[in-house]
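Just so you know, all these numbers are worked out from the coordinates, no wet-lab data involved. All of these numbers come straight from a predicted model, not from anything done at the bench. Counting neighbours? That spans all protein chains shown, and the Cβs are built from the backbone with ideal geometry, glycine included.
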Amino acid sequence: MGDQLDELVTVGTFTGLDEAAVARGALEQEGIETFLGNEHLVTIAWTLSQATGGVRLSVAARDADRARQILASALDPAAVIREDAAESQAPEDDPIPAADELVERAWKSSLVGFLALPPLFHLWALWLLRRAWSEGGPKTERGRVLARRALLVSACAAIAFIGLYVRIFLR
């Protein structure tokens with residue numbers, strides 16, 4: 001029973017640290033302990049926020065419902081992650097499959113890879129694509145197109161950068 005009470009549950013995601021800090025303050029003012037995931041990464045390289053999933057606000061599982069209520073009343077409702085989100089959506093708002101979200105992150109990572117830490121972000125994008133395929137692959141046409149693009153860009157860039165590094169360091 002103690003393990004479930006200490007388990008962290010993500011109740012909100014934010015693109016910037018400022019929004020996450022406001023939400024964290026609202027929850028801590030109500031006596032709810034919080035944890036910010038990706039806080040330091042977004043502080044150091046804010047351009048990577050979208051590629052890494054943004055700043056995640058987590059609370060203990062026992063406080064999750066209360067935290068969602070507080071955030072829904074104090075913040076932008078679009079930022080709050082709801083457990084019953086699939087039930088409350090309109091029929092025309094189909095939820096994005098998990099594999100398609102991973103493909104989207106892979107595409108963004110492959111683009112960011114040209115600006116920051118080239119081989120690492122391309123390898124990260126390839127790993128995200130592998131995870132997407134292990135979950136059944138992209139379900140939408142947009143997901144399939146982005147997967148092909150991310151695979152082409154990241155595979156070519158990773159091979160080129162690794163070849164360049166081997167040539168430079170093994171001389």
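Dipole of the stretch 98-169, Cα-centred, from +1 at each Lys and Arg C-beta and -1 at each Asp and Glu C-beta, to the nearest 20 debye?
Working: 10 positive and 5 negative charges, 25 e Å.
Dipole size: approximately 120 debye.
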FRET efficiency for Leu111 and Thr10 from the Cβ-Cβ distance with R0 = 22 Å, rounded to 0.05, comes out at 0.30
Among residues other than Ala20 whose Cβ falls under 9 Å from its Cβ, what is the net charge (Lys/Arg +1, Asp/Glu -1)?
-1
Could you tell me the calculated FRET efficiency between Trp46 and Thr140, based on Cβ-Cβ distance and R0 = 25 angstrom, to the nearest 0.05?
0.30
Given 25 °C, 0.890 mPa s and a Kirkwood radius over Cα pairs, the Stokes-Einstein diffusion coefficient of the stretch 7-49 in µm²/s is 223
Per residue, the convex hull enclosing the Cα atoms of the stretch 98-169 spans a volume in Å³ of 64
